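Down below is the structure, laid out as structure tokens.
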Amino acid sequence: MSSIKDIQNDIVEEFALLADDREATLFYLMELGDKMAPLPEEYKKDENLIKGCQSKVWLHAEMRDGKVYYQADSNTDITRGLISLLVRVLSGHTPDEILDADLDFIQRIGMHQLIGSQRSNGLNAMIKQMKLYALGFKTKEASKENG
Amino acid sequence: MPATLHTGPATLDVTALRSRFPVLQREVNGYPLTYLDNAATTQKPQQVIDALSHYYSHYNANIHRGVHTLAQEATEAFEATRQAVQELINAPEKEEIIFTKGTSESINLVAATFGRTFVGKGQNIIISGMEHHSNIVPWQMLCEETGAELRVLPVQDNGELDLADYERLLDENTALVAICMASNTLGTVNPVKEMTATAHKQGARVLLDAAQALPHSLVDVQELDCDFLAASAHKMYGPTGVGILYGKREVLEAMPPYQGGGEMISEVTFAKTTYNDIPFKFEAGTPNIADVIAFREAIAFVKELGLENIARHEAALLKQATEGLQANEGVTLVGTAAHKVGVLSFNIDGLHPFDTGMMLDALGIAVRTGHHCTMPLVARYGIEGTVRASFAVYNTSEEVDRLIQAVSRIAQRKRK
């Protein structure tokens, strides 16, 4: 498994090929969303919706062997593409790695300029929710060890 | 005959009139701006922008009570707009025109004054299923407060209202019918003249929301015989922050004031305040002087072009866009009424309206996406929203082609 940093570098390289072509970048995001592993229907419930997103975004997280695995979906293709990038970067890492991650790829690929301020707020809400899950799992593990 | 006043030249020179809108000269994302979000707000011609600057540069003063030169000039310019509005909508008297912040405030004013005074328990208010939230929520609030009943006239699949349904809803307890002249989401033009006459037979008053009608057609309040009419300046090439409320004198005079403050009083003692006459009774505080003054230039602009010419031009664009988008496999139009203003809602199958809107923006095309402040209407069609292209007099056939080609490209890509 590559590190969070390496995955972010890969993404930056991929987006560099699109050379600031907004239309191509949006199509690419939609393709990434299409390719993301589907979220099982049982997880598409209201309590898994991320608050603060204009579109609907469902996020499910689970802990296996000390690592956090995320699955997600959205009702809009571009947002599904956005969350697929976050899943790709953060899924399969330890809670500490996730909590410490500096997700600078978002700024490096110029995502805020591409998606505008409303969707950027949504993107920040997704990151916050993913980190909250990591923190939750970490706390749970710690209390198990102490208990 | 107001119609002859608004006829304008025989043909429109769209290229020439585009040059009068500075913002239309810019590029977005490397493409020439294709501005198709006119139902939200139109762009402003240079003469409106200049009028704002000229007011602040030359005669900025508070209006109505100053004896000095600047105050008199500002008052005259402000009142000249009132007269221009009166002529535009053919109101009998200029005192029947009240300036507000916008259509929403105009409707809220009626709900808060006419509503609280003349609508009570046992009575009902009728709205339609295609109303903007600003013509729903004030009435819901009023009904909650007074115990009156809110009745909703359903929308047919094609986006039209059924007048038989309407007559069934109306009864002798109907206090008010509040309805849009044209739907901001579907474009449907409602038969408001007949609906007003039917309401009057039952003794009900009628408020027409003309926000989407005024920029596109001749609105004649005497011919319509409505009791109230609400509209916004910024959807008709004027500045933001200015709305109008027309009301029949007899109704306005029977209504209590809206807000208390300066301007709206005749005499104030601590024992008792007597109120000013209309329209000032409803215009407490310093109004939006600069924007009201500049609004007159927007009215001059549409009169110069001729509202009939504007309507004809926009109808041609709507027809071209409707036929062009309909020809696309994978595009569904929402709202197919026989009579529409230049508003076209659609969806690309399988694609959320937000995504379509972002894709179009990447190509320099500005449209609106979402529920357009008509959530009950969007729910009625069982969709999450629409993509809405809406046209103004400065839009061209080439721009409509650009929209059709872009939508076709996105739809093809989606089907892959």
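The values are calculated or read from the model by the stated rules, or taken from the named source; none is laboratory data. Owing to the predicted nature of the structure, the values given are computational and were not obtained by experimental measurement. Neighbour counts run over all protein chains shown; Cβ positions are idealised from the backbone, glycine included. Note: areas computed on protein heavy atoms with side chains; ligands, DNA, RNA excluded. Shrake-Rupley method; radii C 1.70, N 1.55, O 1.52, S 1.80 Å.
Among the residues here, A:Lys5 does not qualify as open to solvent by 60 Å² or more (accessible area, probe 1.4 Å), in a loop (DSSP other than H, G, I, E, B) and either small (Gly, Ala, Ser) or more than 14 Å from every other protein chain (Cβ to nearest Cβ) (or both).
Whether a residue is of a type in the set (Phe, Trp, Tyr) and in contact with a Phe, Trp or Tyr (Cβ under 6 Å, 6 or more places away or on another chain) was assessed, and B:Tyr246 does not pass this test. Restricting attention to the stretch B:11-52, which residues are without any contact (Cβ under 8 Å) to a residue 24 or more places away in the chain and either surrounded by 15 or more Cβ atoms within 10 Å (Cβ to Cβ) or not polar (S, T, N, Q) (or both)? Within the stretch B:11-52, B:Asp13, B:Ala16, B:Val23, B:Arg26 qualify. Within the stretch A:71-99, being touching a helix residue (DSSP H, G or I) at 6+ places or on another chain (Cβ under 6 Å) and part of a loop (DSSP other than H, G, I, E, B) holds for one residue alone: A:Thr76.
Within the stretch B:313-333, one or more residues are among the hydroxyl-bearing types (Ser, Thr, Tyr), open to solvent by 10 Å² or more (accessible area, probe 1.4 Å), more than 24 Å from the chain's Cα centre (by Cα) and not assigned by TED's automatic domain parsing to the domain that holds B:Ile98.
Taking the listed residues A:Gly136, A:Gly52, the one that is at positive phi, touching a helix residue (DSSP H, G or I) at 6+ places or on another chain (Cβ under 9 Å) and surrounded by fewer than 18 Cβ atoms within 10 Å (Cβ to Cβ) is A:Gly52, with no other qualifying.
Residues of the stretch A:3-56 that are closer than 23 Å to A:Leu99 by Cα and at pLDDT below 90: A:Lys51, A:Gly52, A:Cys53. Contact map, the stretch B:130-149: residues that are on the phi > 0 side of the Ramachandran plot paired with residues that are open to solvent by less than 50 Å² (accessible area, probe 1.4 Å), Cβ distance under 9 Å, separation 6+ or inter-chain. Pairs shown: B:Gly147/B:Gly120. Any residue at all in the stretch B:108-130 that is open to solvent by 10 Å² or more (accessible area, probe 1.4 Å), in contact with a helix residue (DSSP H, G or I) (Cβ under 7 Å, 6 or more places away or on another chain) and within 17 Å of B:Met195 (Cβ to Cβ)? Taking every residue of the stretch B:108-130 in turn, at least one turns out to be open to solvent by 10 Å² or more (accessible area, probe 1.4 Å), in contact with a helix residue (DSSP H, G or I) (Cβ under 7 Å, 6 or more places away or on another chain) and within 17 Å of B:Met195 (Cβ to Cβ). Looking at B:Asp220, B:Asp227, just one residue is modelled with pLDDT of 95 or more and within 16 Å of the chain's Cα centre (by Cα), and that residue is B:Asp220. The selection criterion, being in contact with a Lys or Arg (Cβ under 7 Å, 6 or more places away or on another chain), farther than 16 Å from B:Leu36 by Cβ and surrounded by fewer than 21 Cβ atoms within 10 Å (Cβ to Cβ), holds for B:Tyr275.
Taken over the stretch B:228-242, the criterion of being surrounded by fewer than 24 Cβ atoms within 10 Å (Cβ to Cβ) and farther than 22 Å from B:Phe21 by Cβ is satisfied by no residue.
Okay, residues lined up against (1) out of contact with any Ser or Thr (no Cβ under 9 Å at 6 or more places or on another chain); (2) closer than 20 Å to A:Phe27 by Cβ:
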| site | (1), (2) |
| --- | --- |
| B:Asn328 | no, yes |
| B:Lys340 | no, no |
| B:Ala362 | no, yes |
| B:Gly370 | no, no |
| B:Val393 | no, no |
| B:Arg409 | yes, yes |
| B:Arg413 | yes, yes |
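For the stretch B:340-397, the set of residues classified as open to solvent by less than 10 Å² (accessible area, probe 1.4 Å), among the small types (Gly, Ala, Ser), within 12 Å of chain A (Cβ to nearest Cβ) and within 29 Å of B:Gln46 (Cα to Cα) consists of B:Ala362, B:Gly364, listed by residue number. Within the option set A:Asp46, A:Asp34, being within 27 Å of A:Thr94 (Cα to Cα), open to solvent by 10 Å² or more (accessible area, probe 1.4 Å) and more than 12 Å from chain B (Cβ to nearest Cβ) holds for one residue only, A:Asp46. Hey, can you tell me all the residues within the stretch A:8-31 that are among the small types (Gly, Ala, Ser) and within 13 Å of chain B (Cβ to nearest Cβ)? Correct list: A:Ala19, A:Ala24. Give the stretch A:28-70 a look and list any residue that's more than 26 Å from B:Arg413 (Cβ to Cβ), in contact with a strand residue (DSSP E or B) (Cβ under 7 Å, 6 or more places away or on another chain) and not in a helix (DSSP H, G or I), or say none. Selection gives A:Leu49, A:Ile50, A:Leu59, A:His60, A:Ala61, A:Glu62, A:Lys67, A:Val68, A:Tyr69, A:Tyr70. Checking the stated criteria, A:Leu90 turns out to be open to solvent by less than 50 Å² (accessible area, probe 1.4 Å) and either free of Cβ contacts under 8 Å to residues at least 24 places away in the same chain or not small (Gly, Ala, Ser) (or both). From B:Gln202, B:Gln212, which residue is polar (S, T, N, Q), outside the structural domain of B:Ala311 (by TED's automatic domain parsing) and in contact (Cβ under 8 Å) with a residue 60 or more places away in the chain? Only one candidate passes the filter, namely B:Gln212. Checked across the stretch A:101-108, the condition of being open to solvent by less than 10 Å² (accessible area, probe 1.4 Å), within 21 Å of A:Trp58 (Cβ to Cβ) and not basic (Lys, Arg) holds for no residue.
Conditions (1) open to solvent by 40 Å² or more (accessible area, probe 1.4 Å); (2) in contact with an Asp or Glu (Cβ under 9 Å, 6 or more places away or on another chain); (3) farther than 16 Å from B:Ile107 by Cα, marked per residue:
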site	(1), (2), (3)
B:Val137	yes, no, no
B:Ala148	no, no, yes
B:Leu153	no, yes, yes
B:Gln156	yes, yes, yes
B:Thr185	no, no, yes
B:Thr188	no, yes, yes
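Among the residues of the stretch A:65-86, those that are open to solvent by 20 Å² or more (accessible area, probe 1.4 Å) and either more than 14 Å from every other protein chain (Cβ to nearest Cβ) or of a type in the set (S, T, N, Q) (or both) comprise A:Asp65, A:Gly66, A:Lys67, A:Tyr69, A:Gln71, A:Asn75.
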